[in-house]
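The structure appears right after this line, and notes come after that.
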Amino acid sequence: MVMLQFYFYKRQVSFNLLTKFACLCFVLFFCQFFFIQEVLAETRVFTLSKAIDTALTNAPNVLAKLAELKGAESAAKAAKGSLLPQINAYANYSRLSDPVAVVPIKGFGRNPPYFSKDIYKMGINIYVPIYQGGKLRANFKKAQFNKKAQEYGLKAFKETLAAQVSTTFYEIIYLKALLEAKNITYKALEAQYENAKAAYRVGKIAQLDLMELETQLSSQHQKIVNTQQAIIRAGQQFMFLLGLSPTSEFQLKGSLDANNFIADFNPHDFQNQVYLETIIDKRPDIVSAKHQVRAAQEGVKAAKALHMPNVALIGDYGRHAGSGFEGNEEVWSAGVNLNLNIFSGGTISAKVSQAQAKLLAAEQQLRQRKSEAITQISMALSSLKEAEARIQLANKVQDTAEEAFRIEKLKYEKGAGTITDVLKAQATWDETKASLVKALFDKTKALTDLYLYTGTLLNHLEKIHSANFENRGE
């Protein structure tokens, strides 16, 4: 009996421990699940600043550009190293057909040299470049300019990527605002349609009026579907720019506002040619192109230096031994090496021509980029002025269109108007709301492009981000 009670007590203790352990695991899993969900929810919410930061640190193209920059930095280090003395260790073994002296004769009265077919050598040799026609220094400068070109090329790419992210960010916000306006219009049309069906059943309106209203409702539904699909496509493009899976779900934290980008410059300043050229010369892609021209110039110098003589100090220190490592003795040598090409079959001249062609191409690319920059800034300013004018017009027209719709709807309900007039007024009001949202988006895009084309987009966004934190006291 005692043994039986002890057995049940033991089982009860084990069951209680197991229950407590299970409860603890459940609590831990529950907390972990909500923690993970909270983290995931946080990563799905993007402000413009967070989206750009994510793209600049995660996009594959940025990482590829960073790798190219590291390669250019390594090439510059290698070119610099070629200016310094070169020291190499060596060791070799040779089997000859006939015995040779392992070490040179040291002088009269000394032991004769040891002869052997097997020759073992080990030691170090030194090469000190003295003069190579400026080739080494030209290659070093060329590598330095190429590195600078990669640095500014990376900056230009980041500016472009930030502009693409910003434009897509506000495009999604614009499309969502447009979708909201269309949904409001659709609900209003739907309510009118239900009223019209009731009126048709009692013979107050004609069947044609009901059919026109039904057609308008279907057309509005199609516009909603088109906008929804446009949001999906823009969202996939947005996640692609951020280097994330296009199928990821996300939310945007921002609004389409006329003050998203407040110009901290006077558009009239761009009419000053000196000011315009100063701005353009500071653009990262223009600076990169200038460094490419300088690199090409040094490439021409390096190619021409191949016609010049090469002078270097050479030295060797080591030990030689024969078969069985007998005759082991210290040997050394030192001297000056002079090398001058007499005939290369035209290869050096061809290399010079190739380098000159690269220089010409780099100069023309720089010229093309400057011309494009002027055109891009001019077009962005024009788009900005147009968008601002459309915003002013849309603000004025929207109130008028809303009032016109209200009047036409009231007239129709009292039997003094037609459904066609109501639908036209409804469509006009819908168009004015869409026009205002589109104008706000176009202004934001025009300002984004203008900052991009002046090479100051990232600096401007950083100022806005800092100002927002200061305003929130963060």
Straight-line reach only, C-alpha to C-alpha below 21 angstrom: list the lysines that Lys158 could link to, leaving out same-chain residues fewer than 8 apart. Lys50, Lys65, Lys70, Lys147, Lys148, Lys282, Lys290, Lys370, Lys445, Lys463
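Stokes-Einstein D for region 40-187 at 37 °C, 0.692 mPa s, Kirkwood Rh over Cα pairs, in µm²/s? Working shown, then result.
Values: Rh = 22.6 Å.
For these conditions, the coefficient is 146 µm²/s.
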Once every Cα of region 209-344 carries one equal point scatterer and solvent is ignored, give the base-10 log of I(q)/I(0) from the Debye formula at q = 0.11, 0.14 Å⁻¹, two decimals. -0.90, -1.06
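Mind giving me the FRET efficiency for Gln365 and Met308? R0 is 35 Å, r the Cβ-Cβ distance, nearest 0.05 is fine. Let's see the in-between values first.
Details: r = 30 Å, r/R0 = 0.85.
So, using R0 = 35 Å, E works out to roughly 0.75.
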Amide H contacts under 5 Å for Thr47, restricted to residues at least 5 apart in sequence or on another chain and with H modeled in the peptide plane, are Lys253
Along the three principal axes, how long is region 294-429 when you take its alpha carbons, biggest first, rounded to the nearest angstrom? 125, 41, 25
Suppose each label sits 7 Å from its Cα in the direction of the beta carbon; what would the Ile348-Tyr275 distance come out to in nanometres? 5.4 nm
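I need the peptides 428-434, 129-135 ranked by packing, meaning the mean over residues of other C-beta atoms within 10 angstrom, with the highest value on top.
Working: 428-434: 20.3, 129-135: 16.6.
Ranked from most to least packed, the peptides come out as 428-434, 129-135.
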In whole Å, largest first, what are the principal axis extents of the Cα atoms in region 338-399? 87, 20, 12
Asp399 paired with Leu84, simple spin-label distance in nm, labels 7 Å along Cα-to-beta-carbon: 7.5 nm
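May I ask you to derive the FRET efficiency for Gln251 and Tyr131 from their Cβ-Cβ distance with R0 = 56 Å, giving the value to the nearest 0.05? Spell out each step's value before the answer.
Working: r = 66 Å, r/R0 = 1.18.
Efficiency, from the Cβ-Cβ distance: 0.25.
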For an R0 of 45 angstrom, estimate the FRET efficiency from the Cβ-Cβ distance between Leu244 and Asn266 and round to the nearest 0.05. 0.70
³J(HN,Hα), Karplus 6.51/-1.76/1.60, whole Hz, each residue of region 85-90, x for Gly, Pro: x, 10, 10, 10, 9, 9
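Students often check this: by mean Cβ neighbours within 10 Å, which of 139-147, 52-60 ranks highest, and how do the rest follow? Each step should come with its number before you reach the end.
Details: 139-147: 21.6, 52-60: 17.3.
Put in order of decreasing packing, that is 139-147, 52-60.
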The ³J(HN,Hα) series, computed from each phi in region 165-174 with the Karplus coefficients 6.51, -1.76 and 1.60 at θ = phi - 60°, rounded to the nearest Hz and given as x for glycine or proline, is 5, 4, 4, 5, 4, 6, 5, 5, 4, 4
Describe numerically, in nm with one decimal, the distance between label points set 7 Å from Cα along Cα→Cβ at Asn92 and at Lys414. 11.0 nm
Under 16 Å between alpha carbons, and skipping anything fewer than 8 positions from Lys411 in its own chain: which lysines qualify? Lys204, Lys424
Multiply the residue gap between Asn111 and Leu208 by 0.36 nm, knock off their C-alpha separation, and tell me the result in nm, one decimal place. 22.2 nm
Restricting to aspartates and glutamates and to Cα separations under 15 Å from Lys80, and discarding same-chain partners fewer than 8 apart, the set is Glu298
When the Kirkwood hydrodynamic radius is evaluated over all pairs of different C-alpha atoms of region 396-451, what value in angstrom, to one decimal, is obtained? 12.5 Å
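Only the coordinates and a few stated rules stand behind these numbers; no lab work does. Every value quoted in this text rests on a predicted model; they were computed, and no experiment measured them. For neighbour counting, all protein chains shown are included, and Cβ atoms are generated from backbone atoms with ideal geometry for every residue, glycine included.
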